[in-house]
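J.: Below is a structure I'd like to ask you about.
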Amino acid sequence: MGHLLDVNILVAWGWRDHADHHRVVRWIVERKTRRGARLFTSPIPEIGFIRVSLQRSFGRVSVQQAAEVLQSMRKSLGPVHRFLPDDLGGVEWPEWCGSAARTTDAHLLLLAQRHGLELATLDGAVPGAMILP
């Protein structure tokens, strides 16, 4: 099974001081050892990683530094990583998406499902997503 990595997965993985860093690292290591496993990133989670990284660092991390961390993360996945272009657009929404706060989650869930993937997240409020153990 392939997984589209949500913003919160990328942020937790990318920054050692994140509360879920070790949990995400364990899951990614386990995925990398599974035959046929694929881990996907796409534009929205990658841009979200940059945005949240800058916000949480209070100016200690530049855009370029965050981009370098992201590039290193992608590279560390090796052949398990795939980049998923976002071909969904902005007109399809699941019924459970009723607020601005849920739009990114809803979009990424639909994008993952369109491509036969699961959305991997730490957010238990995304119906149909795979929550990291």
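The values are calculated or read from the model by the stated rules, or taken from the named source; none is laboratory data. None of these values were measured; they are calculated from a predicted model. Backbone-built Cβ (ideal geometry, glycine too); neighbour counts: all protein chains shown.
J.: Determine, yes or no, whether residue 1 is within 16 Å of the chain's Cα centre (by Cα), among the hydrophobic types (A, V, I, L, M, F, W, C) and at pLDDT below 95. So that I can check it myself, show each step before the final result.
T.: Numbers: within 16 Å of the chain's Cα centre (by Cα): yes; among the hydrophobic types (A, V, I, L, M, F, W, C): yes; at pLDDT below 95: yes.
Yes; evaluated as a whole, the condition is true for this residue.
J.: Ok, one more. Being in contact with an Asp or Glu (Cβ under 8 Å, 6 or more places away or on another chain) and outside any helix (DSSP H, G or I) is the filter here, so list the residues in the stretch 110-120 that pass it.
T.: 119, 120
J.: Ok, one more. Six or more apart or on different chains, Cβ atoms under 9 Å: show the pairs whose first residue is in the stretch 112-133 and of a type in the set (Asp, Glu) and whose second is at pLDDT below 95.
T.: Pairs that qualify, where the first residue is of a type in the set (Asp, Glu) and the partner is at pLDDT below 95, are 118/1; 118/128; 123/105.
J.: With the condition being touching a residue at least 12 places away in the same chain (Cβ under 8 Å) and among the basic types (Lys, Arg), I'd like the helices (runs of 4 or more DSSP H) fully within the stretch 1-66 carrying at least 1 qualifying residues.
T.: Here the list reads 21-33, 43-57.
J.: Still on this model: Just to check your reading of the model, which residue among 108, 119 is closer than 18 Å to residue 11 by Cβ and touching a Ser or Thr at 6+ places or on another chain (Cβ under 8 Å)?
T.: 108
J.: Shifting gears a bit: Only one of (1) outside any loop (DSSP other than H, G, I, E, B); (2) buried (at least 16 other Cβ atoms within 10 Å of the Cβ); (3) not acidic (Asp, Glu) is not met by residue 71, so which one is it?
T.: (2)
J.: When only residues in the stretch 24-59 that are over 18 Å from residue 118 (Cα atoms), in contact with a helix residue (DSSP H, G or I) (Cβ under 9 Å, 6 or more places away or on another chain) and of a type outside the set (A, V, I, L, M, F, W, C) count, which is surrounded by the most Cβ atoms within 10 Å (Cβ to Cβ)?
T.: That would be 53.
J.: Something else about it: What residue, among those in the stretch 77-109 that are assigned to a loop (DSSP other than H, G, I, E, B) and surrounded by fewer than 10 Cβ atoms within 10 Å (Cβ to Cβ), is modelled with the highest pLDDT?
T.: 85
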